[in-house]
Amino acid sequence: MPTIPGPELPPGTVVRRPPTGTVWQFRDRRIEGVTFRGVRTPEEWLSFERTVFVDCTFERCDLQWDWGGDHEHQDDGPHLLGCRIVRCDLRNTSLPYGRIEGSTFDTCRWHSHLDAVDLVDNVFVGVVDSLSLWGRNQPLIPSIRPRSRPNEIRGNDFTAADLRGLGLHAGVPVHDQRWPEGPGCGVVERVPERVAALRARTEGSPDPADQELVDAVTDWEYWDDPGNRQQDAWLRWDDPSMPESSNRFHRALAELDLG
């Protein structure tokens, strides 16, 4: 298919897709006040490099796009500034080496790893299921160059979100965000110390409930690499997406008195 420069998109434009068989490429562009509506299979006809989206709206889109950034071209990552992302499919969306600022995510489908993204002053609304945030880019493959600095993550408001299966890794600054509050969730400090204390308290106990907690500690130690562990985290112990053993583990950590 022929690749052509993307057309001018003045404010108020609604983008669905170009004529069949055409690939739009946007490079070094600022796209302002444009609505992307119902965009599907975008990897077949859209690509971006060094593109900034300002006050744009994405409605019911599949956002598994080629956003332009990768480990060799980190400066090509996208910027979304003051955008609205509404009822979009964000599963496996990574926005590599990009920045999202002052934007709202409203009732989207998640299951995303944002491991090399700046998140500043954004609002999250509705069910947010299986979102993983990383304070530092920690590639699993040695040949991939990590980001040269920590991700900037601050001022994000999750108070209107139903956070399920949230993962925080590698130094996400928990106290710089706004989190849901309630009897079944909260910010828990000194998490690794609590895990160690919980093991010491329950290991060797004949109580099956204590053995279940030991198993949860073992799983946490296995899956959560020491270099990526959070000292402080927002935890939920009434998470409907998680098994009761996981919720009980989080509850036990929150209730533990370290003295």
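The values are calculated or read from the model by the stated rules, or taken from the named source; none is laboratory data. Predicted model, so just to flag it, every value in this text is computed and none were measured. A quick note on method: Cβ atoms are made from the backbone with ideal geometry, for glycine too, and the neighbour counts reach across all protein chains shown.
Here Thr202 meets the list (1) over 18 Å from Phe124 (Cα atoms); (2) hydroxyl-bearing (Ser, Thr, Tyr); (3) assigned by TED's automatic domain parsing to the domain that holds Val123 almost entirely, failing just condition (3). When the residues of the range 169-190 are filtered to those that are modelled with pLDDT of 95 or more and touching a helix residue (DSSP H, G or I) at 6+ places or on another chain (Cβ under 7 Å), the one that is surrounded by the most Cβ atoms within 10 Å (Cβ to Cβ) is Val188.
Look through Thr202, Thr218 and report the one residue that is more than 18 Å from Leu133 (Cα to Cα), touching a Leu at 6+ places or on another chain (Cβ under 7 Å) and polar (S, T, N, Q). So the residue among Thr202, Thr218 that is more than 18 Å from Leu133 (Cα to Cα), touching a Leu at 6+ places or on another chain (Cβ under 7 Å) and polar (S, T, N, Q) is Thr202. With respect to the conditions (1) assigned by TED's automatic domain parsing to the domain that holds Trp110; (2) touching a residue at least 60 places away in the same chain (Cβ under 8 Å), Leu256 lacks only one, and its number is (1). Exactly one residue out of Ile153, Ile144 is of a type in the set (A, V, I, L, M, F, W, C), modelled with pLDDT under 90 and under 30 Å from Asp75 (Cα atoms): that is Ile144. Residues that are at pLDDT below 95 and loosely packed, with under 15 Cβ neighbours inside 10 Å do not occur anywhere in the range 113-130. The strands (runs of 3 or more DSSP E) found wholly in the range 104-168 and carrying at least 2 residues that are touching a residue at least 60 places away in the same chain (Cβ under 8 Å) and in the same structural domain as Cys61 (by TED's automatic domain parsing) occupy 157-164. Filtered by the rule that a residue be assigned to a strand (DSSP E or B) and at pLDDT below 75, the range 45-82 gives Asp66, Asp70, His73. Taking Arg164 as meeting all but one of (1) touching an Asp or Glu at 6+ places or on another chain (Cβ under 6 Å); (2) more than 28 Å from Arg109 (Cβ to Cβ), write down the number of the exception. The number of the failed condition is (2).
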